[in-house]
Amino acid sequence: MKKFIVIVMALALALVMAACGGESKDNNGEKSSEDGQGEQASQQQKQPKPDLKDIPDVVAKVNGEKITKKEFEDIYKGQFQRMAMQAKMSGQKLDQDKLKKKTAESMVGSELLKQEANNRDYQVSQKKIDKKLKELAKQNQLKSKDKFLSALKKQGMKKKEIMSQVEQIIKVDKLIADESGDIKPTEKELKKLYDQYKSQQEQMNKKKEKGGDIPSYNDMKSDLKKQVKRQKEIKAQQKIVGQLREKADVTINL
């Protein structure tokens, strides 16, 4: 598993772990520049570090396939940074042992999805690969798929290897789509999410003792659709992993 697939797995894991462990909500809250500078200085002084002691060479086995120490550490470092920042903002202590186990479980889930997708007769066209490359380029804030490919090649990856990895991602996406069925957001779901957002914003404005403009439902509808769809994808993905896990031979060594 090379750097590229690790990066993509990390994106997927962020979704799964958000559903399992809670994700910080973007309430568009603003801090004064003085508060922001003070917090940034504090973070620089007390920047926590991931505890990577005693990680076994083989973190887990999934139907005979190994999840290695290197693969785990690459994922865990990213998850640790994200969760450490959330813990600092909330004032809670980060339990690294718990986070390690959750990361390992999520990686097992990703491996199960990968194996199941490969067991199905999915055909992936070059057109689909090109489309996915454009999506990944955008996610990584690169202007084109060519720039994305160039960045991966600088990491030491060959084009054939990259295409194989992208094909794998598309197959997993196809598996989740097939098993999840219709996840198109309904108007009721969109309005419910908007009302939650609006209520949060109104509470924040009261605490700050100042009013802030709250976007209208129509202005936010596109973003609301994406969020509801993502929530449904997470739920479907967790259900599939649960079903696969029941039949799988899994050993976790943490």
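Here, each number is a calculation from the coordinates, and none is a lab measurement. Predicted model, so just to flag it, every value in this text is computed and none were measured. Cβ: placed from backbone, ideal geometry, glycine included. Neighbour counts: every protein chain shown.
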Problem - Computed E for K158/E135 - FRET, C-beta separation, R0 25 angstrom, nearest 0.05 - result: 0.75
Handout entry: Potential extension, K147-K221 segment - 0.36 nm per residue separation minus Cα distance
Key = 23.5 nm
Practice task
May I ask for the distance between the Cα centers of region 226-249 and region 73-92, given as a whole number of Å?
Solution key: 23
Practice task
Give the residues of region 217-254 whose amide nitrogen is closer than 13 Å to a point set 7 Å from the Cα of K98 in the direction of its Cβ.
Solution key: none
Practice task
Subtracting the Cα-Cα distance from 0.36 nm times the residue separation, let me have the gained length for D182 to A248 in nm, one decimal.
Solution key: 21.1 nm
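Of the cross-linked pairs K61/K100; K160/K239; K131/K154; K114/K247; K154/K174, which ones have a Cα-Cα span greater than 25 Å in the structure shown?
From the list (K61/K100; K160/K239; K131/K154; K114/K247; K154/K174), the Cα-Cα distance tops 25 Å for K160/K239; K154/K174.
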Exercise for the section: Could you work out how far apart the two model spin labels at S125 and Q81 are, taking each label as a point 7 Å from the Cα in the direction of the beta carbon, and quote it in nm? Expected result: 3.7
